[in-house]
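The values are calculated or read from the model by the stated rules, or taken from the named source; none is laboratory data. Source: prediction; values computed, not measured. Here the Cβ positions follow ideal geometry from the backbone for every residue, glycine too, while neighbour counts run over all protein chains shown. Please note that ligands, DNA and RNA were not included when accessible areas were found on the heavy atoms of the full protein model with its side chains. Shrake-Rupley method; radii C 1.70, N 1.55, O 1.52, S 1.80 Å.
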Amino acid sequence: MNPRDLRTILLVEDSLADAEMALDALAGAHLANPVVHVEDGVDCLDYLYCRGEWASRDPVDPAVVLLDIKMPRMSGLEVLTQLRADDRFRRVPVVILSSSREESDLARSWDIGANAYVIKPVDVDQFFEAVRTLGQFWAVLNQAPDHI
């Protein structure tokens with residue numbers, strides 16, 4: 001497989017500590033997919049729409065978006081709402097990776113089209129295992145249509 005065929009895992013996380021743990025966990029899964037980290041919903045949309053600092057990137061959609069809910073500037077739920085309203089991104093897998101256990105966040109995420117909702121484990125080992133498993137499933141095992 002051509003390395004250019006490997007689609008990115010997009011991590012959208014404002015907590016640098018959580019992002020670093022997630023990046024370490026994905027690296028530990030030994031995935032060939034590149035991982036891109038952005039810090040909030042605005043940066044996420046800039047990446048997806050190839051705007052701003054991402055204007056020159058290849059306009060290839062990510063294999064999966066790992067999306068936090070509670071972020072400055074634009075929340076994960078606002079990002080998800082926009083993605084599901086856009087034909088180009090409505091099939092891109094989005095996994096909510098959040099510390100929120102609020103039933104309203106969970107229900108709203110599913111209602112607007114999340115593919116999964118994973119509560120960030122407090123335990124570091126559980127967090128690593130959860131993110132490793134997510135990366136392997138969405139980047140390797142999940143079969144998406146050719147043109148998502």
(request) Normalising by the residue count of the chain, find the relative contact order in percent from Cα pairs under 8 Å and 6+ residues apart. (result) 26 percent
(message) Could you derive backbone 3J(HN,Hα) for region 105-119 from the dihedral phi with the Karplus parameters 6.51, -1.76 and 1.60 (θ = phi - 60°), listing whole Hz in sequence and x where the residue is Gly or Pro?
(response) 5, 4, 4, 5, 4, 5, 4, 9, x, 5, 7, 6, 10, 10, 7
(message) Taking percent of Cα pairs over 22 Å apart straight from the coordinates, which label in [x] 52; [y] 34; [z] 67 is the correct one?
(response) [y]
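Hey, what's region 1-136 come to in accessible area per residue, 1.4 Å probe, Å²?
On the way: 6750 Å² over 136 residues.
I get 50 Å² per residue for region 1-136.
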(request) Mind grabbing the accessible area of His37 for me, 1.4 Å probe, Å², rounded to tens? (result) 50 Å²
(message) Could you work out what % of the accessible surface of the chain is carbon and sulfur, using a 1.4 angstrom probe and leaving DNA, RNA and ligands out of the count?
(response) 51 percent
(message) Using a 7 Å offset from the Cα along the Cα-to-Cβ direction at both Glu129 and Asp58, what is the distance between the two label points in nm, to one decimal?
(response) 3.5 nm
(message) Explain nothing, just compute: Karplus ³J(HN,Hα) = 6.51 cos²θ - 1.76 cosθ + 1.60, θ = phi - 60°, for every residue of region 55-64 in order, whole Hz, x for Gly and Pro.
(response) 4, 9, 6, 4, x, 9, 6, x, 5, 7
(request) Find which of Val12, Thr81, Val92 sits farthest along the positive direction of the dipole of the chain, computed with +1 on the beta-carbon of Lys and Arg, -1 on that of Asp and Glu, about the Cα centre. (result) Val92
(request) Run the dipole for the chain about the Cα centre, Lys and Arg Cβ at +1, Asp and Glu Cβ at -1, nothing else charged, and hand back the magnitude in debye, nearest 20. (result) 460 debye
(request) Count neighbours as other Cβ atoms within 10 Å of each site's Cβ, and list the trypsin sites (Lys or Arg not before Pro) in region 1-86 that are DSSP loop with at most 15 such neighbours. (result) Arg51, Arg57, Lys70, Arg73
